[in-house]
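The values are calculated or read from the model by the stated rules, or taken from the named source; none is laboratory data. Because the structure is predicted, anything quoted here is derived from the model rather than measured. All Cβ positions, even for glycine, are placed from backbone atoms using ideal geometry, and neighbour counts span all protein chains on display. Heads up: the accessible areas ignore ligands, DNA and RNA and are worked out on the full protein's heavy atoms, side chains in. Shrake-Rupley method; radii C 1.70, N 1.55, O 1.52, S 1.80 Å.
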Amino acid sequence: MGVRGLTSYVNSNQDVLMKSFYLHNTNLIIDGYSLCAKINISMCGFPAFGGNYDKFASSTRTFFKNLRKCNVTPHVIFDGCHETKKLHTVFRRLLDKLNEVAHMHPAMQSFKRFFPFLLRDVFRKVLSDMEINYTICKFEADKVIASLARHMNCPVLSYDSDFFIYNVIYIPLCTLQFKPKLLDENGTEVFAMQCKIYKVQYLCDHFRGFDEKNLPLLATLLGNDYVDKRIFVNVFSHLKLCEREARKSQEKILIHTLFNWLQNETLGSAIAKILRRFRKDQRHEAFAIIKSNYEQYNCDVQVLKYFDIIELDSLSETSPIKPNMEMEVVSDSTNFSVNFGYDEEWLWQGDEAITYHKFESIPAWFAEKIYCEKIPPVYLNLYAHHLQICNPQAEDFTERDSFLCSLSIVRLAFDILTDFSYDYCYYVSRAKEGYKRIKISKQYSIPRPFDVSFKEMNDEQLKLCFKYFLHFKLSNLDLPLIEMLPSNFQLFMISMLWWIASCSVPEAHVHSLIMSYITLEVIDEKTGTARGHNRFNKRHAEKLEEIRKNKISYEAAENELFLNNNKVQHDDCLIAASAILKLFEIDDSIQKNPKSYDIKRIHSFAQFQCVLHQMNSLNTLCSKPFESTIFSKCYNGILIYNIALKLQKYPDPLSFFDEYIKDATTVLLFYKSIYSIYKKLVTIMRLSTVQWSNMKRKTRWD
């Protein structure tokens, strides 16, 4: 949720509110998306090019390997869909993100609110590959994280000020040093990660007499994602503010004042004094806000059974606030007006309100599918609120939202989730200023394949839904040809075909994507994930010279399709890597002259990322008729961008690669075989690419 100003306040008082700690030999409960963001920031990547997912996956693996080195067992928990009362905060943050992305250029590396489009999926895939224990919640994960941490008596790793309120051992991510240190513990050498921990006990010791039960009340007064602190402005006006210190903001002074006041109050007496500052007809509503927010900090334990370590009966907790607590002591003293309603301006763009579906709760059977990863997280808000909210990424803001080419895919997901019962759902799209809603009506739908509810559908029926959709939306798609491709490239190829059918795509961009897949999936597999062109060539100089001197070319039969990546030779991969690795580096001219950065080219690849993500999400929802794409093994934004720049000068991309990775025979055969399948598919489907120069961009909507 986030308590306004509390992180800054605690950080400025670390000497008394935190203690140094060495993380080792323990369980650790991790706020998944907080860690995902922190690892991405620590990479100092370049999100302006759309995501270097191979590098991010490598950094994530290194982090969890370091935890294992320190004998730390991680349990990762992810947020689910947005709670209705938090949507106003979601839209406010969306405006901030859109503003940041709109002003992005490649010379800037620090984007606190913006992350590449596929980042979270890559993060979860690494966890799955490393067999890290994790789960996805129905709603916000904070309560579940706190429950599990209390039960296991172990730390929480996050960067969320709410964990200053929960009574847990909290490690703020900003204090954790990712590189382990070797320590001597009772004569034994152990690895540990240095950090700082916060405990409620430290705060209570510092503010003597402070009752930890008052912490949720403090969070309510300061405001969070559910409560606007302006509601309590008249409460603040009756508090004696602490003296102002140099370099202390007004917000920190207010927080310190509230701590000083609450250390002399019980929960009941504090609430009574707060309610005295409201008119008599407002007190029940004010009390309801306090009670509701207090309950946000009660633990939600139902999801914990998916960790197979929890006895649910032992974790039931109830709110210490009773329905009519202390109300009888409130006197009718001050008379003033307070607006309890949230500022609704966030709901409006132009002449229309961003409305959303009101839902009661997520049923148990649906929650089970979430926990078992049969429903992608990206579809949870679609089910609950009938909303798909844009995920800001690097793209051309003078063009239409890059996601619009994926609306038909979203529509089928919505229809499956809601049993084809609704006429429309909404996509909240970016606009010239802010955002706007777009109705995804039945014009995007396909006929219902069979009259069976989502709850009752078996795997085969769900798989048929996906293929039925492809039959309707990608005319003449030749699935037997698709099935000739490597299994982990089939959905990638289908996504490329959808992209070409829906958008204006230059041929060079197709070649860039194919070569990115070959580099990350095949060449990296043979040579290791080496990066750094000069360093690689220096290390392998003798070997490369020997290979070229004694090169015996692979002789392929005429019209032979070379589609088995296991047959691509190691020596050929070394030769190819010696040239291609240079394309992982950003040209200095772009950083010195941001105007040379081609945002229209980035926009084209942003459209592809949207399609690739939605195709994979729908594929998961439909029980995976195709093998899921591993994004970290097919997409590096800088590599793809640089290849596209190289190819714009060559009318024939095939001849470029013949020269650029000359002598890497089996790599070239693999590339040309994939391209030949692609050419057959687009010919059968009557699709065509466009010339890049002076082309007018268009996006078809269905």
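Data overview
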| quantity | calculated |
| --- | --- |
| Kirkwood Rh, angstrom, the stretch 102-207 [1 / mean 1/r, Cα pairs] | 17.1 Å |
| Loop trypsin sites (Lys or Arg not before Pro), the stretch 550-619 (other Cβ atoms within 10 Å of the site Cβ: 10 or fewer; DSSP) | none |
| Acute angle (nearest 10 degrees) that the helix 599-621 long axis makes with the longest principal axis of the chain, alpha-carbon atoms | 80 degrees |
| Relative contact order computed over the stretch 1-94 (Cα-Cα under 8 Å; 6+ residues apart), in percent | 40 percent |
| Estimated FRET transfer efficiency (LYS549, ASP652; beta-carbon r; R0 22 Å; 0.05) | 0.15 |
| Kirkwood hydrodynamic radius of the stretch 510-553, Cα pairs, Å | 12.0 Å |
| Nearby lysines by direct alpha-carbon distance to LYS369 (threshold 19 angstrom, same-chain neighbours under 8 apart not counted) | LYS125, LYS138, LYS305, LYS455, LYS463, LYS624 |
| Between 0 and 90°, nearest 10: helix 250-262 axis offset from the chain longest Cα axis | 50 degrees |
| Listed residues HIS509, HIS24 arranged by accessible area, highest first, probe 1.4 Å | HIS24, HIS509 |
| Pair-distance profile P(r), taking every C-alpha pair of the stretch 477-552, with 10 angstrom steps and integer % | 15, 33, 26, 20, 6 |
| Candidate lysines - alpha carbon under 28 Å from LYS19, same-chain residues fewer than 8 apart omitted | LYS38, LYS65, LYS69, LYS112, LYS143, LYS179, LYS181, LYS196, LYS199, LYS213, LYS248, LYS252 |
| The stretch 592-698: Cα Rg divided by the 2.2 N^0.38 Å rule of thumb | 1.26 |
| More than 19 angstrom apart: percent of Cα pairs within the stretch 509-593 | 48 percent |
| The stretch 437-568: projected area of the alpha-carbon convex hull, averaged over directions, in nm² | 13.9 nm² |
| Percent of Cα-Cα distances greater than 20 Å, calculated over the stretch 131-266 | 60 percent |
| Estimated translational D of the stretch 188-274 in µm²/s (Stokes, Kirkwood radius over Cα pairs; 10 °C; 1.306 mPa s) | 108 µm²/s |
| Over the chain, relative contact order from alpha-carbon pairs under 8 Å, at least 6 apart, % | 17 percent |
| Taking the C-alpha atoms of the chain, convex hull volume expressed per residue in Å³ | 193 Å³ |
| Förster radius 30 Å - calculated FRET efficiency between SER628 and PHE472, Cβ distance, rounded to 0.05 | 0.85 |
| Fully extended contour minus Cα-Cα distance, from LYS213 to GLN14, at 0.36 nm per residue | 69.5 nm |
| Between 0 and 90°, nearest 10: helix 142-152 axis offset from the chain longest Cα axis | 80 degrees |
| Proportion of all alpha-carbon pairs of the stretch 68-161 beyond 23 Å (%) | 42 percent |
| Packing rank of 628-634, 257-263, 450-456, where each peptide gets the mean count of other beta carbons within 10 Å, highest leading | 628-634, 257-263, 450-456 |
| P(r), alpha carbons of the stretch 399-460 - 5 Å bins starting at zero, rounded % | 4, 17, 26, 19, 14, 10, 6, 4, 1 |
| For the stretch 530-607 versus the stretch 131-181, the gap between their alpha-carbon centres in whole angstrom | 41 Å |
| Shape of the stretch 1-108, Cα gyration tensor, a/c cut at 1.5 | oblate |
| Per-bin percent of Cα-Cα distances, the stretch 491-636 [5 Å] | 2, 8, 14, 16, 17, 17, 13, 9, 5, 1, 0 |
| The stretch 380-513 - Debye-derived log10 I(q)/I(0), Cα point model, q = 0.11, 0.12 Å⁻¹ | -0.48, -0.57 |
| Most to least packed among 283-290, 144-151, 74-81 [average Cβ atoms within 10 Å] | 144-151, 74-81, 283-290 |
| Kirkwood Rh in Å, taken over the stretch 24-87 so that all alpha-carbon pairs contribute | 13.5 Å |
